[in-house]
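The values are calculated or read from the model by the stated rules, or taken from the named source; none is laboratory data. These numbers were taken from a predicted model, which means no experiment stands behind them. Here the Cβ positions follow ideal geometry from the backbone for every residue, glycine too, while neighbour counts run over all protein chains shown. These area figures cover heavy atoms from the full protein model, side chains too; ligands, DNA and RNA do not enter into them. Shrake-Rupley method; radii C 1.70, N 1.55, O 1.52, S 1.80 Å.
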Amino acid sequence: MEQVYFDHAATTPPRAEVIHAMLPYLADRWGNPSSLHATGVRALEGMERARERVAALLGAEPDEIVFTGSGTEADNHALIGVICALREKGDHIITSAVEHHAILHTATFLEECGLRVTRLPVDGRGLADPGEVRAAITDHTMLVSVMHANNEVGTIQPIAEIGAICRERGVLFHTDAVQTVGHVPTDVRAMHVDLLSLSAHKLHGPKGVGALYIRKGTRIRSYLHGGGQELGRRASTENVPGIVGLGEAARLAGGEMSWEAGHSAKLRDAIIEGVLERVPDVVVTGHPRQRLPNNASFCVPDAEGESILLGLDLEGFAVSSGSACTSGALEPSHVLLTMGIPRETARGSLRVSVGRDNTMEQVERFLEVLPRVVARIRDSSPAAHPALR
Amino acid sequence: MATPEADKSIDLRGTPCPLNWVKTKLRLEEMQPGQVLEVLVDGGEPARNVPRSVEAEGHRVLALNDGPGGVHIFIERK
């Protein structure tokens, strides 16, 4: 049976070009990029070329890019690094209630350390209100962090508007752009961001590498302490093969983003339309227009998301329920609950995220299989048999 | 020494060795043979090391002008 991968929001397959670019740095260019000799310089060359490519994708300067071990590390670095640098300024940060756990749990940690955290709500489509950001900023606010696009429902936030408010109020602004970099334009100047996190494996790069954009002049401390790597901003010998892979993924994305977004959006729209037509009572989650081109997300009443996921897996389709990080957890997604979706409905969450290698034929097959899987689950669910409740 | 006409220029003052050479090399890779890159580096080690690495790679150092703000290296891409 052909396995169809519809879970690109969890991770993406590395491109062949990415693997090809990495191989020399796993083999003969194995030097430490901090070494001053020729062996080190060969590794440094690959790393700096990658830095230029990542910077180009973001409209940034190469020196504004710090390589990290993941998107999560970049998020932790942004929040904790700014708080440590601006301790004299205040004790307050603002974020949204629908962030990835890399932000939410870091915010909770900072709260435990004595900071005040405002978690802004979102509307029923997952959208944060820039006016609420403006209203929440006080003289003691050190940082605002709002994600560019949500990993579960795909809603794209009005980042440029929020960024402009923060800049006007003299407050640093971070965005977790893990879901968007390489998929939609992420020009850091246009978005008015001071800090931006990204992860290589979400744009067909390798796992174990990410980056933090730090606008020139931004006050931020290191998060990892040790050697003077990354111009003293992030200790630890760099993951050169991974970084080279990220650089190649960024180069490819820069050239192909608009084609890929168009291709994905066609498949996404066909999935949304088809599911609404064929699965009774289904609800589309997220914003109807301001959403990631590859994200189709739903709530299927009277069916557990996990059961749908497993049923589809047996039929050869890889999808997700909620976010991959929370799959397996019994609690419904915090994102859906914040959007005001009732707990019972939120249990039937389903995320279908397509990619460049998917086809319309795969979508058509999916639309034949899904109603069957849902009907089977509903038939066997206690909700369908009141006597069994 | 006469100042050659540069097609591109980069300011690498404050950039340590060997990162300044690597950044010079990446710029040269983007240029056509015969084009001239002007690199501004700090005096001392960078002004000695960058031209040495440039020549070891087969490019030509056309001029090395010591100024108040740093040293201007003019490199012809091979």
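Under a 1.4 Å probe, what is the accessible area of region A:257-367 per residue, stated in Å²?
Here the per-residue accessible area is 42 Å².
Out of the trypsin sites (Lys or Arg not before Pro) in region A:1-96, which ones are loop residues according to DSSP with at most 14 other C-beta atoms within 10 Å?
Details: sites: A:15, A:29, A:42, A:49, A:51, A:53, A:87, A:89; in loops: A:15, A:29, A:87, A:89.
For trypsin sites (Lys or Arg not before Pro) across region A:1-96 that sit outside H, G, I, E and B with at most 14 neighbouring Cβ atoms in 10 Å, the list reads A:87.
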Size of the B/A contact, given as accessible area buried on both chains, probe 1.4 Å, in Å²: 1000
Between residue B:10 and residue A:273, what's the calculated FRET efficiency when r is the beta-carbon distance and R0 is 41 Å? Round to 0.05. 0.20
Using a ≥ b ≥ c from the Cα gyration tensor of region A:1-154 (square roots of the eigenvalues), is it rounded, prolate or oblate, where a/c under 1.5 gives rounded and otherwise the larger of a/b and b/c decides, a/b for prolate? oblate
Give me the inter-chain shielding for B:13-19: mean count of other chain Cβ atoms within 10 Å, whole number please. 4
In the protein assembly as shown, what is the count of Lys pairs whose alpha carbons are under 28 Å apart, counting only pairs at least 8 residues apart or on separate chains? 15
Looking at the protein assembly as shown only, what percent of DSSP beta bridges run antiparallel? Nearest 5 please. 60
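Counting other Cβ atoms within 10 Å of each Cβ, which GluC sites (Glu not before Pro) in region A:74-126 have at most 15 and sit in a DSSP loop?
Counting only loop positions with at most 15 other Cβ atoms within 10 Å, the GluC sites (Glu not before Pro) in region A:74-126 are A:88.
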Percent relative contact order for chain A, counting Cα pairs under 8 Å at least six residues apart, stands at 22
Candidate cut points under trypsin sites (Lys or Arg not before Pro) in region B:1-46, DSSP loop plus at most 16 other Cβ atoms within 10 Å of their own Cβ, are B:13
Amide H of residue A:285 versus every other amide H placed in the peptide plane: which residues, excluding those fewer than 5 positions away on the same chain, fall under 5 Å? A:297, A:298, A:299
At 1.4 Å probe size, with the rest of the protein present, what percent of the exposed accessible area of the protein assembly as shown is carbon and sulfur atoms? 53
If Lys and Arg each add +1 and Asp and Glu each add -1, what is the summed charge of the other residues whose beta carbon sits under 14 Å from the beta carbon of residue A:142? +1
What does region B:8-76 give for Rg and for Dmax, in Å, if only its C-alpha atoms count? 10.6, 30
Could you give each residue of region A:293-303 its phi-based ³J(HN,Hα) in whole Hz, using Karplus coefficients 6.51, -1.76, 1.60 with θ = phi - 60°, and x for Gly or Pro? x, 9, 10, 10, 10, 9, 10, 10, x, 6, 8
Please give the residues from region A:16-61 for which the solvent-accessible area of heavy atoms, probe 1.4 Å, is smaller by at least 30 Å² with all protein chains in place than with the chain isolated. A:36, A:41, A:44, A:45, A:48, A:49, A:52
Region A:176-236 and region B:11-35 have their Cα centres apart by a whole-number Å value of 23
Under the rule a/c < 1.5 gives rounded, and otherwise a/b versus b/c splits prolate from oblate, where does chain A land using the Cα gyration tensor? oblate
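Using a Förster radius of 41 Å, what is the FRET efficiency between residue A:140 and residue A:375 based on their Cβ-Cβ separation? Nearest 0.05, please.
Computed FRET efficiency for residue A:140 and residue A:375 comes out at 0.15.
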Counting only GluC sites (Glu not before Pro) that sit in a DSSP loop (anything but H, G, I, E, B) with at most 12 other Cβ atoms within 10 Å, what is the longest stretch of chain B containing none of them? B:31-78
Rough spin-label spacing in nm, given labels placed 7 Å along Cα→Cβ, for residue A:11 and residue A:343: 3.3
Using modelled amide H (1.01 Å from N, peptide plane; none on Pro or chain starts), what sits under 5 Å from the amide H of residue A:210, excluding residues fewer than 5 places away? A:68, A:69, A:70, A:200
Probe 1.4 Å, protein heavy atoms only - accessible area per residue of chain B in square angstrom: 51
